[in-house]
1. Against the definition (more than 17 Å from the chain's Cα centre (by Cα), assigned to a helix (DSSP H, G or I) and crowded, with 22+ Cβ neighbours inside 10 Å), how does residue 260 come out, yes or no?
2. Looking at the stretch 51-71, which of the residues that are in a helix (DSSP H, G or I) and in contact (Cβ under 8 Å) with a residue 24 or more places away in the chain is surrounded by the most Cβ atoms within 10 Å (Cβ to Cβ)?
3. Residues 259, 242: which one is farther than 17 Å from residue 205 by Cα and out of contact with any helix residue (DSSP H, G or I) (no Cβ under 9 Å at 6 or more places or on another chain)?
4. Please tell me if residue 73 is at pLDDT 95 or above and over 17 Å from the mean Cα position of the chain (by Cα).
5. Can you pull out the residues in the stretch 35-50 that are part of a helix (DSSP H, G or I) and in contact with a strand residue (DSSP E or B) (Cβ under 8 Å, 6 or more places away or on another chain)?
6. Hey, any hits in the stretch 228-248 for a residue that's under 30 Å from residue 57 (Cα atoms) and assigned to a helix (DSSP H, G or I)?
7. Residue by residue through the stretch 195-209, note down the ones that are surrounded by fewer than 19 Cβ atoms within 10 Å (Cβ to Cβ) and either part of a strand (DSSP E or B) or modelled with pLDDT of 90 or more (or both).
8. Given the structure, is residue 32 within 25 Å of residue 286 (Cα to Cα), touching a strand residue (DSSP E or B) at 6+ places or on another chain (Cβ under 6 Å) and surrounded by 14 or more Cβ atoms within 10 Å (Cβ to Cβ)?
């Protein structure tokens, strides 16, 4: 039996890489993805990033949570009220499909699904459980999750919480730079041409993550120049092309490069954001990106 009338609970997967203090503050439930190294299987977060990088020469793979794991998370959350499940892009993980199956195991006809909001699947409705594909990952996914969680914390019902998630999913962007594109190219999410540019010319690759794939951008000639270009793209994305203080929401993300993240955060501060969260990638994400990634996810209030 669901807890009708209670506060909406937000459930997501660990690809969002939300800091623990944020999930604790809003009561967000996180279902870990899985990482396999050789014949060892680890929940996302159970292995340290330093150990992960030291074992990069071993066979590695990642996988989504099982439907049973989602069923357990949704079932527990549903005791207190309606539930919104927000997953990493279906184009890069089977997390969405597992979430749908898991939710149906505990909610039956009360699960609502639908077409994507600007690249993600799912839409709101007067149901007990709503499952949405955010169409993105990492810091951009985190911003969608945060928007939903903040709406729920402010007293929004299920429909209002879903609308908040969809609104941000339609606007959020993510641009990042990496030391090299080897691991992203190996994962198949960056064309080989982008890898060739980074490897042969010694430039700093940049890419934008959109619709479940990483799209190469014009590279920079230094890490600092790459980070400055990221912030410039963010500023240019402001409504009307002119940044307005207090209307930017951002997440600075990094993979074992806190110095780069601190520099990027300082550059973003020039835009006077309403909120800015800094967080490291989870081990599952670092498996795909390698170390040295620094990036920015953002959305502007209209």
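The values are calculated or read from the model by the stated rules, or taken from the named source; none is laboratory data. These figures come from a predicted structure and were not determined experimentally. Here the Cβ positions follow ideal geometry from the backbone for every residue, glycine too, while neighbour counts run over all protein chains shown.
1. It is true that residue 260 is more than 17 Å from the chain's Cα centre (by Cα), assigned to a helix (DSSP H, G or I) and crowded, with 22+ Cβ neighbours inside 10 Å.
2. 70
3. 259
4. yes
5. Within the stretch 35-50, just 49 meets the criteria.
6. No, every residue in the stretch 228-248 fails to be under 30 Å from residue 57 (Cα atoms) and assigned to a helix (DSSP H, G or I).
7. 208
8. When the stated conditions are applied, residue 32 passes them.
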